[in-house]
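Notes for the one structure printed next.
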Amino acid sequence: MKTIRVLKETFLSTIPLAVMIIVVCGFIAPMESALDYFKLVVGYVSVILGQTLFLLGLDISILHIGKLVGKSLIKLRKPAYIIFLGFLFGLIATVAEPALAVLARQANMIMPVINSNVLILVFSAGIGMFSGFALLRIMKDINIKAVFTLLYILLFLTIIFVPVEFVALAFDGSGATTGDVSVPFILSLGMGVSSTMSKRKTNDDAFGIIGIASVGPILAAFIYGIILRALNGGNLPPAGMYDPGAAESFAKIIISNLGEVALALLPVLIFFLPFQIFLVKLPKMEFIKIMLGSVIVYIGLIIFLSGIDFGFAFAGKYIGGIFLDMNRPGWFKWLLLLIGFVLGAAITLSEPAVTVLADQLEEITNGHIKKMTIRTTLAIGIGFASLLALIKILTQINILCFLVPLYALAIIMMKFTSPLFVGLAFDSGGVTGGALTSAFLTPLTLGVAQGVGAMVGINAQSILTSGFGVIGFISVTPLIAIQALGIAYELRQKRYQKLAEEDEFMDLKPLFQEENVPEHIYVGEMAQLSISISSSTTKKKSIGIAFWVIIAGRKTKDALLSALLEKNAHLANIIYGRGTAEASYLQNVLGLVPEEQKTMILCLLPDNKSDEVKEMLEENFHFDQPNTGIAFTIPIEHLSF
């Protein structure tokens, strides 16, 4: 059942946090009152339950709306309309992001002059404007490397005029705006435009749209900070205390969230209505299903945000503060670095967005970069990002001393990386800072910042300046990690290509010799193979070689490939893909329950091996049974190159 599966995944993703909370709050520094433990339990359960309901409702309502609107926008065909609606699309989808709502509340708690609703709209407007620009880039085929270079140069030049309190907050906001709601919305629009209105008409052009959109919230927050400072006579008021445990009761928190969550979701539904009436025209029952799904999203968001306000944020702040207790030895605070690293790595491994990214990269590289390699690389990188964020707070070093070199390195690496991996890297930077990061890591860093402020005294940085920034660090890490994997992959591919030019077609010699076929192949000359095949076809004489196509579940890839090589398979090639047929249809009509992740193996084998290979597929891989695999052959003389 889907509900149980989502609940299980949500629970497993929070286990690292639960373990850390139990160890610290139960053994290292036990809490003083039973009420504090009650807050932790209620907060933890609410976060799990709320996120489960949110994800269940999201799939049948908000995400479905995103796909429908994304497809229908393409019918307009006029670039100006698409860019304008892309702006509205990005703005309205981002307003409903739970991670952004959490961040805005935290900023408002520390500095009440920052209105949480206004801050959400500012960040969302930034996403909207740059989503429109990203669509324009796709349609005009503007070089993605040049776009990112110019945008980040502009961004860091703008920092000169920005209040210091808004720098870390702006980078955190960029990571919080691209989450479970906005990313599918923006990607569906980007893929629709790239496949119909870009010059190459491929979905590859859509990569990078999230990365470009993520720059918008940073610049928008910079402008908001400049305006807010001007409205307050040239100086922002001093930051207050961060005290998420000050709320009186869970019921009051829920009541206070009712209106705010409704204001976040209603624009999405209102925006969808004209599309439903004029373009989409869903059947009545399907439209009602979307509305009911939106109610589930609403209830889930209320429970999720209330759980964070009541218990989770309190736990993060408590853990961050106790390691800076004056009564503890001076070295004790440095244990926070270990905690930050473990939490950063653990949360990354459990983030759904990271899993999706790993699947995507493994497919693009045809398995040369393994899913676990990608997840491990990102986990270690984001663990160090969390560690750097805590070092910044403990040492009171300006965040730009870290971010400028990291972004400079990412921009320099673009010179050696293909546009596809550049787009993927900057997209992944926008999706790795999810709701769990905002829910726990940010309260942790804010608690540490408040503790450091108490220790340092009047010369300490503002909590707003010092406490924010962890999402910004987490967002820049994948830019470097994914590009590094891309460079390694491309170097490996060049090496393979060179070897192939030297001896790949020499591997065909045993096939021709075994069948006594005249050989007209020269090293590296694909045209000669075509000529040989064409001449054989003209004579209508089989050359005794079969082209095999084998499709099976991805888990069987290694065993299948080994078995084929034992049968003297040549020029074996592996392609990764996903099944596009609807699983429920296949199950109802054909009785099949296919594995979604597929492997296709292409190879050449002598005709006299066909019976042996067929027996091997049936005996070892059960291809004679449903839901196992498909295999067929094509005489090579019937192929054209």
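I'd like the carbon and sulfur percentage of the solvent accessible area for the stretch 405-474, probe radius 1.4 Å, heavy atoms only, ligands and nucleic acids excluded. Walk me through the intermediate numbers first.
Numbers: 1300 of 1800 Å².
The value for the stretch 405-474 is 72 percent carbon and sulfur by accessible area.
Put Glu260, Glu9, Glu490, Glu619 in order of accessible area, largest first, 1.4 Å probe: what do you get?
Glu619, Glu9, Glu260, Glu490
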Fully extended contour minus Cα-Cα distance, from Lys8 to Trp331, at 0.36 nm per residue:
112.5 nm
Calculate the spin-label point distance for Phe27 paired with Leu420, positioning each point 7 Å from the Cα along the beta-carbon direction, and give it in nanometres.
4.7 nm
With all protein chains in place and a 1.4 Å probe, Phe402 shows an accessible area in Å² (nearest 10) of 40 Å²
Just to verify a number: FRET efficiency for Lys567 and Phe156, C-beta to C-beta distance, R0 = 56 Å, to 0.05?
0.45
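Show Tyr298, Tyr81, Tyr407 ordered by accessible area, largest first, where the area counts protein heavy atoms only and the probe is 1.4 Å. Could the numbers behind the result be given before it?
Values: Tyr298 60, Tyr81 120, Tyr407 10 Å².
In descending accessible area the options line up as Tyr81, Tyr298, Tyr407.
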Test of understanding: extend the Cα→C-beta vector of Ala454 to 7 Å, then name every residue of the stretch 387-408 with backbone N under 20 Å from that spot.
390-396
Per the 1.4 Å probe, what fraction of the accessible area of the stretch 17-164, in percent, lies on carbon and sulfur atoms?
75 percent
Solvent-accessible area per residue, Å², over the stretch 377-482 with all protein chains present [probe radius 1.4 Å]
26 Å²
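Please tell me which of these pairs span more than 24 angstrom C-alpha to C-alpha: Lys371/Lys555; Lys2/Lys289; Lys71/Lys371; Lys8/Lys333?
On the way: Lys371/Lys555 13 Å; Lys2/Lys289 16 Å; Lys71/Lys371 30 Å; Lys8/Lys333 34 Å.
Long pairs (Cα-Cα over 24 Å): Lys71/Lys371; Lys8/Lys333.
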Quick one: how many Å² of Trp334 are accessible to a 1.4 Å probe, rounded to 10?
110 Å²
Mean-position separation - Cα centroids, the stretch 291-353 and the stretch 208-222, in angstrom:
25 Å
Counting only protein heavy atoms and leaving out ligands, DNA and RNA, the solvent-accessible surface of Val41 at a 1.4 Å probe, in Å² to the nearest 10, equals 90 Å²
Quick check: with the 1.4 Å probe, what order do His64, His622 take by accessible area, largest first?
His622, His64
Between the stretch 4-74 and the stretch 85-102, how far is it from one alpha carbon centroid to the other, in angstrom?
20 Å
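The values are calculated or read from the model by the stated rules, or taken from the named source; none is laboratory data. As the structure is a computational prediction, the values presented were derived from the model and not from experiment. Every residue, glycine as well, gets a Cβ built from its backbone with ideal geometry; the counts of neighbours run over all protein chains shown. Just the protein is used for accessible areas: all its heavy atoms, side chains included, with ligands, DNA and RNA removed. Shrake-Rupley method; radii C 1.70, N 1.55, O 1.52, S 1.80 Å.
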